[in-house]
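The values are calculated or read from the model by the stated rules, or taken from the named source; none is laboratory data. Because the structure is a prediction, the values reported are computed rather than measured. Please note: Cβ atoms are built from the backbone with ideal geometry, for glycine as well, and neighbour counts cover all protein chains shown. With ligands, DNA and RNA removed, areas are computed over all heavy atoms of the protein, side chains included. Shrake-Rupley method; radii C 1.70, N 1.55, O 1.52, S 1.80 Å.
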Amino acid sequence: MAKNDNAIGPKIVIEGEAEFRRSITDINKTMSVLDSEMRKVSAQFDGNADSMDALTAKQDIFNRRAAEQREKVSTLTAALENAKKEFGENSNRVKDWQIKLNNAEAELAKTEKSLKDTTEKIDNFGKEA
């Protein structure tokens with residue numbers, strides 16, 4: 001009986017980790033779509049990148065990208081905590097999740113900076129005109 005219990009434990013951990021990985025894959029796919037939208041907007045407004053229409057379109061994409069990245073950070077934080085419980089603080093799996101979380105937080109910071117810069121340009125648009 002104990003042998004079956006031991007067999008179930010690792011299976012649950014693997015399935016839990018697999019769910020985290022699926023969630024991250026879905027978020028990454030959505031972010032790829034947003035990246036392609038940004039390239040499209042950049043191409044559409046080439047030569048007029050600081051027009052109100054271009055800035056508004058970029059702001060929308062930055063907002064959606066930041067929301068996805070916040071979801072990714074949240075998911076990675078949960079995956080990291082789960083890995084710590086299951087594998088111990090210093091395991092390679094924990095380190096892998098920590099690296100992914102650090103990278104996601106760095107990307108979120110870049111997006112939030114771009115969003116802030118774009119919002120400031122929009123706010124100053126009327127002043128400059």
Could you please give the count of residues in the stretch 69-86 that are open to solvent by less than 80 Å² (accessible area, probe 1.4 Å) and in contact (Cβ under 8 Å) with a residue 60 or more places away in the chain?
3
(1) among the β-branched types (Val, Ile, Thr); (2) in contact with a Phe, Trp or Tyr (Cβ under 9 Å, 6 or more places away or on another chain); (3) open to solvent by 30 Å² or more (accessible area, probe 1.4 Å) all hold for ILE99 apart from (2)
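Can you find a residue in the stretch 67-88 that is outside any helix (DSSP H, G or I) and either over 21 Å from ALA109 (Cβ atoms) or not small (Gly, Ala, Ser) (or both)?
yes
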Does LYS58 count as among the charged types (D, E, K, R), surrounded by 16 or more Cβ atoms within 10 Å (Cβ to Cβ) and farther than 15 Å from THR111 by Cβ?
no
Based on this model, can you work out whether ILE99 counts as hydrophobic (A, V, I, L, M, F, W, C), in a helix (DSSP H, G or I) and over 17 Å from the mean Cα position of the chain (by Cα)?
no
Only one residue in ARG93, ARG65 is surrounded by 16 or more Cβ atoms within 10 Å (Cβ to Cβ) and modelled with pLDDT under 95. Which one?
ARG93
Residue pairs within 9 Å by beta carbon, gap of at least six or interchain, first lying in the stretch 105-129 and under 18 Å from ALA49 (Cβ atoms), second not in a helix (DSSP H, G or I), listed first then second, are LYS121/ASP50; PHE125/ASP50; PHE125/SER51
